[in-house]
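Notes to accompany the following structure.
The values are calculated or read from the model by the stated rules, or taken from the named source; none is laboratory data. Bear in mind the structure is a predicted one, so any value in this text is a computation, not a measurement. Glycine also receives a Cβ, built like all others from the backbone with ideal geometry; neighbour counts cover every protein chain displayed.
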Amino acid sequence: MKATIDIPDDLYRRVEAEAALRGLTIREVTTTLYQRWLRSGRGEVEPQPPATESLRFLFEAADEAIGRAPSGPTALEHLEADRNRLEPR
């Protein structure tokens, strides 16, 4: 079912950006939130994953991002090359 809702532009932009960072669509985010809201009204508690599982997910995502990053100068090399930039020559 399609529905039209009126929400503040700023809120939508923030949700859209966060969803993109997490690899989700607005539809997936909205559906998940509606499902949680319905369960919370019945007193159901949604099980939370252990903290170690969340951390593992974050570290795996970081490793994947590093693996996909193009090769080039390191951050330290950038800093060393640019460290005198603000000093008069």
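The number of residues in segment 4-27 being assigned to a loop (DSSP other than H, G, I, E, B) and more than 8 Å from the chain's Cα centre (by Cα) comes to 7.
In segment 9-38, the residues that are in contact (Cβ under 8 Å) with a residue 12 or more places away in the chain form no Cβ pair under 8 Å with any partner that is basic (Lys, Arg) and surrounded by 11 or more Cβ atoms within 10 Å (Cβ to Cβ), whether six or more places apart or across chains.
Listed here are the residues, each with its yes/no results for (1) surrounded by 10 or more Cβ atoms within 10 Å (Cβ to Cβ); (2) part of a helix (DSSP H, G or I); (3) modelled with pLDDT of 85 or more.
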site: THR31; (1), (2), (3): yes, yes, yes
site: GLN35; (1), (2), (3): yes, yes, yes
site: ARG39; (1), (2), (3): yes, yes, no
site: PRO47; (1), (2), (3): no, no, no
site: SER54; (1), (2), (3): yes, yes, no
site: LEU79; (1), (2), (3): yes, yes, no
